[in-house]
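Undergrad: Please find one structure pasted underneath; my questions will follow.
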Amino acid sequence: MLSTIRSVVRRAVASGPGAGALVLSLFFLLDFVGASLEFMGFSDEKATSIIIHRYGARIVGEQLVILATYAVVGATLGAVGALSGCLWDWAQRGSGSRRRRMLRGVLAALLGHAYFFVRSLVHYPQLYSEAFFDRGGIRRTLMVAATNHLSLRLLDGIAALGLATALVAPAFSARGRVRIDWWIAHAAGALTRRPRLTAAAVALLLVGTGAAVYHRGHGHATRPNVLLIAVDSLRADRVFSADAARRFPTLARLASRGVRFREAHVTVPRTFPSFVTLLTGRFPHHHGIRHMFPTEAARKAIGPALPSTLHEGGYRTAVLSDYAGEIFSRTPLGFDDIRVPYFDMKTIIAQRSLQVHPNVLPYATSALGRLAFPAVDAMPERSDPALLADRAITEIDRLAGKPFFLTVFFSTAHFPYASPSPYYQRFTARAYAGPFRYQKPPLSTATVTPADAAQIRALYDGAVAATDDAIARLLRRLEDDGIARDTIVVLLADHGENLYDVDGRGMGHGDHLEGSSADHVPLVVVDPVHGLAPRDVPAIVRDVDLAPTLAALVGVNAPPGDGVDLGPLLRGERDGLGLDAFSETEFWFTSHGPGFEADERLPYPGITGATDLATDGDIFIKPEWQDTVVVAKHRSIRTERWKLIYRPTRRGVDWRLFDVVTDPDERRDVAAQHPDVVVELRRKLVAWMTSDGRTVMRGDFAVPE
Amino acid sequence: MRALIVVTLIAGGCARSTASPPAPGDAPAPAARLPGDAIAFRFVEHAGEAQVTGALDEAWRALAYPAKVLRPYGGLRGAAAFRVVELALADADVKTYGQPGHAHQTSAARYDPVWNRTRAVYESKSALFAPSPSRYRFSVPPIAGGVLRLAIAIAPGSDEAEFVVEADGRRVWARAIPRSESGSWIAEEIPVDSAREIVLATTGKGVGFWGYPVLIERDAGAAGANVIVVIIDTLRSDALAVMPRLQQLAERGLRCDQAITAATWTRPSLIAMLGGDLPTTIGQSAEEMIPADRERRRFYAVSPPLLPRLLASDGYLARAIGNNFFLLGYPQIGLDLGFDEVDDIRHPVLDTPAITAAAIAFLEAHAREPFLLQLHYDAPHWPYTPPPEYLARVTPPPGFPEDALARAYLAEAAYADEYLGRVVDALARLHLEERTLLVVLGDHGEIFDHAHSHTVEALHQPTLHHHGWSAYDEILRVPLVMAMPGTVPTARVTAQVSLVDVEPTILDVLGRPLRPGTRGRSLLPLARGVTESERVAFVEGQDVRAVRAGGWLYLRRSDGRLTRDDGTRVTVDEELYDLARDPLQHHDLARAGDPQLQQMRTLFARELPTAPVAPEPVLHLQIAPDVRPHIIEGTLRTDGTVSIRNAAGAEVTPLDAHTLALRLRDAALVEVVIDPPTAQVALTLTRDGMPIAPSEVLVGGFGLPLLAGARALVLDGERVTWLDAARAPVPGERGEVLLWRDPSTVTALPAVSARNNQEVGDMMRRWGYAQPGK
């Protein structure tokens, strides 16, 4: 019995696929050498025991799938090696020994893996930076050398050459040439001997192509389609500024064809509350999502939103996104199709399981591998906008024929600004030697030097450029299919971004309201259906105005809300609607930071203290902290001329006034010079803050009653 | 973004677990659903989650209407407490409930300034308070074919208001109420098919109310069997002899021949019956006719799970119809016992047919929904004024006094019995018998035996033709009948049982879990013939308590001074009767020094109930940690009384009942209770010898310098509520002084004024709780 097994194993290993599978399976063990000692990333003992208790089986399962992946890839590569060996043996009329067959399998597996691994490392270095770059030493040197000197094209060229040598070259041996001539002669003979069959095949091909073209060309809609292109963290200046056209040509071109709202502001500069505000047309204290960790009950209580009213108006509604769009999977906003990653504790487990095995990442993140590793879609390091554009094109093909409302939300420009090759190097300096070579992780404690800041901005611009190209692809397809003329395209962002461009404001969004980099967003409406002429609208408009505007534009009921229809501005009938924009900060993950230092905020615990894990693995702010988190928010009101900021602290409320016309960077507090303006804006801001029906003013402070 | 943050945090190894293991599935399986409709959403229970706009508190304070009170249940605090109110409105025409040609005249409805005691019909509802303009936005479960049922009203004399219902942003219904129709409820049913969001908006100038709105799901299945509890006030067990309909019912169900009340007058008896335990244990003893403010606060703070609240939370309608104000929150004599709607029919004679008519109308309207209906017939209660025809019909049973008053009393019982029969007939007609548990009982008896006649000096009250302050079997023994064909066995239980057993029996019949630790026990085992040891009956009254067990009755008075009918004054602190030999309780064995006395005293002491501890609003004074140590000294003074609960790292010395001297070091904590919670609190503090300014004291759960503008560290009036904190504030690390209070569960209640007391005196005389002129 044992000897039988031994002989089977020996034979399998000696075969090419077997040897390949074995070699790559060794990588499974190799990965653990030098891997982080943290258990699945959790260093806390209690957390570890809970994770093992609750998700132990899942962790083991993930590891088995990874091992199987290694084996399958190894076997496939080994099979290629074996095939190549057979061809060569045939060409040279020889026969390989068992030992040679095994060696060929091993060689093919190693060479193949080297190619896939290096290619993936150059393409998506962020996936590997934890295992190589961040550890320094030879690992960092090798990785930097690879990304600096190797390009995808070069690697593909080498691989093609190798593959050709392995598989095609035997055909050109003397024996191969004879064989090929014979095949060509026989194929021609077969076709001429069966003319009817040939004609039928050709006809079928033609009809099929024609049908496909007809299908695409006749997707005429009774109502205009709406394509909402949302780019995470996209600053208004990356669309509207003078040099935008050079760096981000698609965004600039799109803007040149549409109505450009130059002063569009969001209320909460963070994805989750911002999207709910955009799509419901209600302020956060009216729809209830005020931070990114709401309870399940709060998510269910959001109420009507634009997608649901569009659905009732006969629209097919869909949302597509990469990692930052996971919020849509947990939030009922009325989308018929929600094609976004799912994110919960199980996703984290799966992602951590993968990150222990850098060698499996090239396969796990491939198109095929994602079937086995869906958690990959929720990885920020793998949010290639080109992939999302491809998915969006497929989705539009599917939706066309009935009016659709499609939201495509690109995550790549969100920190860590992890864009694929070549974008991460497009604007960065090769000589840069700091820690943010490929990405800028959030909450990283490293001090940021001016060189780092420049690098981070370059990474951000690279991510915007990657998104710009992806949008170009999407729009081109829309034009080619003839759908563009029936489609209103809206370009916007859920929020902007601070990029160390002003001292004391740091990086990120939603932590403070100093300056407007985070709440000022691009908003462009391109409407070929109603023939809206391109123009600039300099007046203030808000996120809450989007839903009523789009609803009016396509002729459906707007969800009840706080916004107004911007139609008069779109059509150029009016220059402004006299709107005031309001903003509030979101949840603070840390006890202090630029713009929310200890004396600039009310204290509450950071994320680990204030949140809890629901039984389904969802994370939410504990009920006892929910009110505190809201009370501590900074808030602001912005008019065409002024911006007033409310900052509650334990020393009292800090009111600051900025003249946004003469001081657009908001550097000089002029509250003391304009007490009457402060009084007037304060009255408006207080009315806004207390309009939820449960907030009252106690002295200067807005508190729940 | 969120994903990224979390991954990063966890990857960084700084995540601390906040997970808890999944809750074990300890909830019992719900009772089977019956065919019918379901109450899918009760708006008043979700008022705290609604988004509300409107200046409710101001409008409420400005509303000069007496029959109103904030609903104490539901845990709403601060200004949110003004959302749910209990409002009683008089039916515009009380005569509609009367019988044509009846000798008694009725007066038109009017509003008493303090007491709602005019002969009229008052419909009281848990309602959303909706002064114009106001909006309540609710997220509701979407129900296909859902119907919103509610009543609307504007306050008596109020200006016109328009009521608007929006479903998912669309206006689906609107109705304006003009001034001429103010002061009465108008019922409405509004289809709100599959709505996820419902807005109840009021515009105009008037003060509106949304009376008990509920969302109904048709054919979803009723939550369980219905319950009807019929209370016939002051009904002695021997009066059953003149009540043929009740006898018939008893033959079809469970009849308890020896049912003992838990209290000698109505309110505590109701509390015991609805709470399954003695009134004191539940939260309000039988001692005080008018609960003091702190008693009332304590009762609501304990928030006892009375039957109406229990069943309402399971999707039942909890409705009471009767002539009884003890279960209402707005009269000072009553306590809100958790019914969501109460029809209070105030007439000494016409109430009986009117209650019956209203009950039958209720049954017809709600036959498909699960309900708890409590009917309260007042007929046998003083004054004994039956319609004359019943006087001739009754024959006093053997041993019953034969005087005219006794005959009038029995005629009242017969009068109630006839109308009880109509309710029973209606149940049969509506095919509700087999899915409705019908409970009929008396809440206490009445003294007719002249041997038990004396005056209780402590209360200046005579006992003859009264109840409340004596505890002989005449008062203790009441009828108790339960019927539900097919479910409740037909049985005659001769063993002693108590009215505290009613609530557990109802829960048992409904298949609901019994609450552990209550004195009451289900009667079903007895009905099935299970033998068990005797259930000791303990009875509470004013100035009197009694324990009845083993064939003995032991009675104890707090103040034993009595005046006999012959004018002699005696002091009788305790009495003892051998029930087997002396069923009429004419021979007190306590004075004879019977050997049983000591045993009964021991039993009495063992059974004596204790009051529950109510959550109290504890005031916390804390010094936050700092890098360098501090010493904080000073005084805390209040115009109420202050008591110390805890002083960690502090020296606290009471100077008098109102003042504490404080000395705190480092991160010290002082916890005190101030009574009443509305009392002013004044602090004088120094830190390391330097006075602490009001702006340096962080107030409430958010730790805010709310007193920054004040001259002194004084919290009074509205500012006292600023202390209330759902949780302790974040201490910070700067040696700050933090001051906060655990929330009191009840908002400030109106105080009882001297004028009210006069009104109460009138009231009690009218109701027979006090003699004229006293």
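The values are calculated or read from the model by the stated rules, or taken from the named source; none is laboratory data. Because the structure is a prediction, the values reported are computed rather than measured. We place every Cβ from the backbone using ideal geometry, glycine too, and count neighbours over all the protein chains shown. Keep in mind that these areas ignore ligands, DNA and RNA; they rest on the heavy atoms of the full protein, side chains included. Shrake-Rupley method; radii C 1.70, N 1.55, O 1.52, S 1.80 Å.
Undergrad: Take the alpha carbon atoms of region B:575-631, find their center, do the same for region B:305-331, and report the distance between the two centers in whole angstrom.
TA: 28 Å
Undergrad: Among B:Leu337, B:Val229, B:Leu254, whose Cα lies farthest out toward the positive end of the dipole of chain B, if unit charges sit on the beta carbon of Lys, Arg (+1) and Asp, Glu (-1)?
TA: Farthest along the dipole direction, towards plus: B:Leu337.
Undergrad: With every protein chain present, what is the per residue accessible area of region B:317-451 (1.4 Å probe, Å²)? Before the final figure, lay out the partial values.
TA: Working: 3500 Å² over 135 residues.
Using a 1.4 Å probe on heavy atoms only, each residue of region B:317-451 averages 26 Å².
Undergrad: Here's something else I'd like to know. Suppose we compare each residue of region B:679-722 in its chain alone and in the full protein complex with a 1.4 Å probe; which ones drop by at least 30 Å² of accessible area?
TA: Residues shielded by partner chains are B:Phe702, B:Leu704, B:Pro705, B:Leu706, B:Trp722.
Undergrad: Pairing the Cα long axis of helix A:2-14 with the longest principal axis of chain A, what angle in degrees results, from 0 to 90 and rounded to the nearest 10?
TA: 80 degrees
Undergrad: Given the C-alpha atoms of chain A, compute the convex hull and give its volume per residue in Å³. Don't skip to the answer; put the middle values down first.
TA: Working: hull volume 140.9 nm³, N = 705.
Enclosed volume per residue, from the Cα hull, is 200 Å³.
Undergrad: Sticking with this one: In degrees, nearest 10, range 0 to 90: what is the angle between the Cα axis of helix A:16-30 and the longest Cα principal axis of chain A?
TA: For A:16-30 against chain A, the angle is about 40 degrees.
Undergrad: Next question, about the same structure. For chain A, find the longest principal axis of its Cα atoms and tell me its angle to the long axis of helix A:195-217, 0 to 90°, nearest 10.
TA: Result, in degrees: 10.
Undergrad: Taking each full run of DSSP H in chain B as one helix, which ones are at least 24 Å long along their axis (Cα atoms) and have mean Kyte-Doolittle hydropathy of at least -0.5?
TA: Numbers: long enough: B:404-429 (38 Å, 0.31).
Within chain B the helices that satisfy the rule are B:404-429.
Undergrad: Given the C-alpha centroids of region A:250-315 and region A:410-438, what is the distance between them in whole angstrom?
TA: 28 Å
Undergrad: Ok, one more. For region A:263-276, take each phi angle, set θ = phi - 60°, evaluate the Karplus expression 6.51 cos²θ - 1.76 cosθ + 1.60, and give the result in whole Hz per residue in order, putting x for glycine and proline.
TA: 10, 9, 10, 9, 7, 10, x, 8, 4, 5, x, 5, 5, 5
Undergrad: Which of the residue pairs A:Lys300/A:Lys346; B:Lys125/B:Lys205; A:Lys300/A:Lys684; A:Lys300/A:Lys622; A:Lys300/B:Lys125 have a Cα-Cα distance greater than 25 Å in the structure shown?
TA: A:Lys300/A:Lys684; A:Lys300/B:Lys125
Undergrad: With both partners inside the protein assembly as shown, how many of the DSSP beta bridges are antiparallel, as a percent to the nearest 5?
TA: In the protein assembly as shown, approximately 75 percent of DSSP beta bridges are antiparallel ones.
Undergrad: With heavy atoms of protein chains only and a 1.4 Å probe, what residues of region A:338-355 have at least 50 Å² less accessible area in the full set of chains than alone?
TA: A:Phe343
Undergrad: Next question, about the same structure. Can you give me the % of accessible surface on region A:512-556 that is carbon or sulfur? Probe 1.4 Å, all protein chains present, nothing else counted.
TA: Numbers: 630 of 1090 Å².
Taking all protein chains in place, region A:512-556 shows 58 percent carbon and sulfur surface.
Undergrad: Here is a further query. Could you state how much accessible area is buried at the A-B interface, both sides summed, with a 1.4 Å probe, in Å² to the nearest 100? Mind showing how you got there, number by number?
TA: Values: alone 31260 and 31250 Å², together 57410 Å².
Buried area between the two chains comes out at roughly 5100 Å².
Undergrad: Now a separate question. Taking the alpha-carbon set of region A:396-549, what are its Rg and Dmax in Å?
TA: Both quantities, over Cα of region A:396-549: 18.3, 53 Å.
Undergrad: Moving on. What residues qualify as long-range amide H neighbours of A:Phe405, i.e. H under 5 Å apart, gap of 5 or more or another chain, H built at 1.01 Å from N?
TA: For A:Phe405, whose amide H was placed from the backbone, the distant partners under 5 Å are A:Val226, A:Arg316, A:Thr317, A:Ala318.
Undergrad: Under 5 Å between amide H atoms, partner at least 5 residues away or on a different chain: which partners does B:Glu197 have, H built in plane at 1.01 Å?
TA: So B:Glu197 has HN proximity to B:Val140, B:Asp168.
Undergrad: Now for a separate question. Towards the positive end of the charge dipole of chain B, with charges on Cβ (+1 Lys, Arg; -1 Asp, Glu), say which of B:His431, B:His454, B:Phe371 has the farthest Cα.
TA: Going by the charge dipole, the pick is B:Phe371.
Undergrad: To continue, here is another question. So for the protein assembly as shown, considering every pair of alpha-carbon atoms, how many percent are separated by more than 55 Å?
TA: 41 percent
Undergrad: Does anything in region A:310-354 have its amide N under 19 Å from the 7 Å Cα→Cβ label point of B:Ser194, and if so which residues?
TA: Of the residues in region A:310-354, A:310-318, A:332-338 have backbone N under 19 Å from the label point off B:Ser194.
Undergrad: Moving on to the next point. Taking all protein chains as present, what is the carbon and sulfur share of the accessible area of region A:59-152, in % to the nearest whole number, probe 1.4 Å? Working shown, then result.
TA: Values: 3270 of 4720 Å².
Answer for region A:59-152 is 69 percent, counting heavy atoms of protein chains only.
Undergrad: Calculate the FRET efficiency for B:Ala592 and B:Asp675 from the Cβ-Cβ distance with a Förster distance of 35 Å, rounded to the nearest 0.05.
TA: Between B:Ala592 and B:Asp675 the formula returns 0.15.
Undergrad: Summing -39500 (n - 2.57) over the DSSP H runs of n ≥ 4 in chain B and dividing by its residue number, what mean residue ellipticity at 222 nm do you reach, to the nearest 500 deg cm²/dmol?
TA: Here the helix-only value at 222 nm equals -5500 deg cm²/dmol.
Undergrad: A further question follows. Roughly how many debye, to the nearest 20, is the charge dipole of the protein assembly as shown about its Cα centre, given +1 on each Lys and Arg Cβ, -1 on each Asp and Glu Cβ, and no other charges?
TA: That gives a dipole near 7360 debye.
Undergrad: Nothing charged except the Cβ atoms of Lys and Arg (+1) and of Asp and Glu (-1): what's the magnitude of the dipole of chain A about its Cα centre? Round to the nearest 20 debye.
TA: That gives chain A a dipole magnitude of about 3700 debye.
Undergrad: On to the next question. Using the basic label-point model (7 angstrom from Cα toward the beta carbon), what is the A:Arg257 to A:Trp183 distance in nanometres?
TA: Output for this residue pair reads 4.6 nm.
Undergrad: How big is the Kirkwood radius of chain B, worked out from every pair of different alpha carbons and given in Å to one decimal?
TA: 28.6 Å
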